1. Search the range 28-56 for residues being loosely packed, with under 12 Cβ neighbours inside 10 Å and charged (D, E, K, R), and hand back the single one that is modelled with the highest pLDDT.
2. Tell me whether the range 54-75 contains one or more residues that are charged (D, E, K, R), in contact (Cβ under 8 Å) with a residue 12 or more places away in the chain and assigned to a helix (DSSP H, G or I).
3. Considering only residues that are among the charged types (D, E, K, R) and surrounded by 11 or more Cβ atoms within 10 Å (Cβ to Cβ), look in the range 7-27 and name the one that is farthest from PHE49 (Cα to Cα).
4. When the range 62-78 is examined, which residues are found to be closer than 14 Å to GLY5 by Cβ and open to solvent by less than 90 Å² (accessible area, probe 1.4 Å)?
5. Of all residues in the range 1-51, which are in contact with an Asp or Glu (Cβ under 8 Å, 6 or more places away or on another chain) and among the small types (Gly, Ala, Ser)?
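The values are calculated or read from the model by the stated rules, or taken from the named source; none is laboratory data. Note that the coordinates shown come from a computational prediction; the quantities given were computed from them, not determined experimentally. For neighbour counting, all protein chains shown are included, and Cβ atoms are generated from backbone atoms with ideal geometry for every residue, glycine included. To get the accessible areas, we keep the full protein, side chains included, count just its heavy atoms, and leave off ligands, DNA and RNA. Shrake-Rupley method; radii C 1.70, N 1.55, O 1.52, S 1.80 Å.
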Amino acid sequence: MIHSGRSQAQIARELGVSEYSLTLWKRAYLGHLKPGQLDGEQMSPEQMFEKIRQQHKEIEHLKRQREILKKAMSILGEEPNSGMR
């Protein structure tokens, strides 16, 4: 869940446990980790996890935008059919 980028619901189904159990396990795991720095700012493991989750969502959004732009450029770059006026 932390490193795979897969959703909590998906992992819970795969493991055959409740999402609530995963939440408790994640909190326990992150609670044992030391705080770290990101861009010079001290962050707890929970804050770092949330930041990574947000960045994954942003990356997926940007990938979708890139695909849309690629399709638009290919449409605009096509030569008009000789039969069309």
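1. Per the criteria, the residue is GLU41.
2. No: zero hits.
3. ARG13
4. Those that are closer than 14 Å to GLY5 by Cβ and open to solvent by less than 90 Å² (accessible area, probe 1.4 Å): none in the range 62-78.
5. Passing the criteria: ALA9, ALA12.
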